[in-house]
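Trainee: Mind having a look at this structure? Questions to follow.
None of the figures in this text is laboratory data; all of them are computed from the coordinates on show. Keep in mind that this is a model prediction, so the values were computed, not measured. Cβ coordinates were reconstructed from backbone atoms using ideal geometry, including for glycine residues, and neighbour counts include every protein chain displayed.
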Amino acid sequence: MLKSLDLSLSLPREEYMVQLARRQIQLRELGWQVYQQKRPVVIVFEGWDAAGKGGTIRRITEKLDPRGYTVWPISAPEGEDKTHHYLYRFWRRLPPRGQIAIFDRSWYGRVLVERVEGFCKEEEWRRAYKEINSFERQLADFGAVVTKFWIHISRDEQLRRFKERQRTGYKAWKLTAEDWRNRAKWNAYEQAVEEMVLKTSTLRAPWHLVEGNDKYHARVKVLSTLVKTLSDELGYEPADPLGGK
């Protein structure tokens with residue numbers, strides 16, 4: 001599945017800037033429709049370390065009304081969250097009607113990092129596929145739009161980005177010893193991702209696999225997918241500010 005992705009796909013900067021502006025303006029219009037129609041929207045981002053999740057999220061929110069969305073950066077559970085079922089901390093961060101919640105990593109940690117690193121028992125992560133599908137089905141039944149993105153990059157591209165972060169002062173904080181440890185387990189993570197997508201991509205909460213070696217291509221693909229998904233779900237076609245499709 002992941003190996004079938006064409007990671008050579010790219011977008012020239014000039015075309016990227018045009019497409020980015022087009023999709024951001026359309027997304028802003030759709031954000032207003034989300035509020036008017038009182039539909040909750042849940043957007044999930046997963047991907048390799050240094051895949052570009054944060055940068056993509058910034059492009060999504062850049063022109064949205066800041067009152068209409070929340071971004072939740074997810075790391076290891078702490079405090080009260082550690083004493084509850086692993087889905088508890090996500091239930092309490094779900095958006096109300098008319099709002100957008102963007103999760104930078106998510107409940108899929110149970111079948112990714114917790115599985116690979118041994119932070120939960122095998123029976124727990126195997127059971128989680130059914131629990132997650134049920135969780136997302138309940139969201140969809142409530143009227144939520146649920147969209148999930150896996151941003152995929154090659155192992156060589158990840159190494160290049162790690163080294164770039166290492167030698168760039170204002171980016172160095174992004175690179176940790178944990179990133180290097182995770183990289184050493186690439187094959188185990190890749191197997192976990194394949195199984196995650198196979199078992200949790202549903203009609204009402206599909207996974208969208210994004211070729212991420214070229215950040216311009218990845219960002220435009222994500223924004224275009226969101227525009228189409230929200231247009232279909234809301235029954236509303238935003239105007240194209242630049243003409244065309």
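Trainee: Any residue in segment 162-185 that is among the aliphatic types (A, V, I, L, M), surrounded by 14 or more Cβ atoms within 10 Å (Cβ to Cβ) and part of a loop (DSSP other than H, G, I, E, B)?
Mentor: Scanning segment 162-185 turns up at least one residue that is among the aliphatic types (A, V, I, L, M), surrounded by 14 or more Cβ atoms within 10 Å (Cβ to Cβ) and part of a loop (DSSP other than H, G, I, E, B).
Trainee: Ok, one more. Can V71 be described as farther than 18 Å from T202 by Cα, touching an Asp or Glu at 6+ places or on another chain (Cβ under 7 Å), aliphatic (A, V, I, L, M) and not in a helix (DSSP H, G or I)?
Mentor: Yes, satisfied.
Trainee: So for segment 27-49 (the condition being buried (at least 19 other Cβ atoms within 10 Å of the Cβ) and polar (S, T, N, Q)), does at least one residue qualify?
Mentor: No.
Trainee: Run down E46, E14 and say which single residue is of a type in the set (D, E), within 30 Å of E178 (Cα to Cα) and either part of a helix (DSSP H, G or I) or under 19 Å from the mean Cα position of the chain (by Cα) (or both).
Mentor: Residue meeting the stated conditions: E46.
Trainee: Which of the residues that make up segment 195-206 are out of contact with any helix residue (DSSP H, G or I) (no Cβ under 6 Å at 6 or more places or on another chain) and either hydrophobic (A, V, I, L, M, F, W, C) or closer than 23 Å to T229 by Cα (or both)?
Mentor: V197, L198, S201, T202, L203, P206
Trainee: Moving on. Cβ-Cβ below 7 Å, separation at least six or inter-chain, first residue in segment 1-24 and over 16 Å from A51 (Cα atoms), second surrounded by fewer than 17 Cβ atoms within 10 Å (Cβ to Cβ) and of a type in the set (D, E, K, R): which pairs?
Mentor: Hits for this filter: M1/E194; R22/D240; Q24/E62; Q24/K63.
Trainee: Among the numbered criteria (1) free of Cβ contacts under 8 Å to residues at least 40 places away in the same chain; (2) of a type in the set (F, W, Y); (3) within 21 Å of K38 (Cβ to Cβ), which one does F103 miss?
Mentor: Only one criterion in (1) free of Cβ contacts under 8 Å to residues at least 40 places away in the same chain; (2) of a type in the set (F, W, Y); (3) within 21 Å of K38 (Cβ to Cβ) is unmet by F103, namely (1).
Trainee: Now, a different point. With among the basic types (K, R), on the phi < 0 side of the Ramachandran plot and in contact with a strand residue (DSSP E or B) (Cβ under 8 Å, 6 or more places away or on another chain) as the only criterion, which of K221, K185 stands out?
Mentor: K221
Trainee: Further question: Here's a check for you: in segment 33-43, which residue that is touching a Gly at 6+ places or on another chain (Cβ under 8 Å) and outside any loop (DSSP other than H, G, I, E, B) is nearest to V222 (Cα to Cα)?
Mentor: Among them, the one singled out is V34.
Trainee: Across segment 99-115, which residue is surrounded by the most Cβ atoms within 10 Å (Cβ to Cβ) among those that are among the small types (G, A, S) and within 19 Å of A192 (Cα to Cα)?
Mentor: Only one residue tops the list, namely G109.
Trainee: Kindly list, by first and then second residue, each pair from a residue in segment 162-191 that is within 23 Å of R110 (Cβ to Cβ) to a residue that is among the aromatic types (F, W, Y) and assigned to a helix (DSSP H, G or I), limited to pairs with Cβ atoms under 7 Å and residues at least 6 apart or on different chains.
Mentor: From segment 162-191, the pairs are D179/F162; N182/Y189.
Trainee: A further question on this structure: Are any residues in segment 202-236 more than 15 Å from the chain's Cα centre (by Cα), surrounded by 13 or more Cβ atoms within 10 Å (Cβ to Cβ) and part of a loop (DSSP other than H, G, I, E, B), and if so, which ones?
Mentor: Hits for segment 202-236 are T202, R204, N213, D214, Y236.
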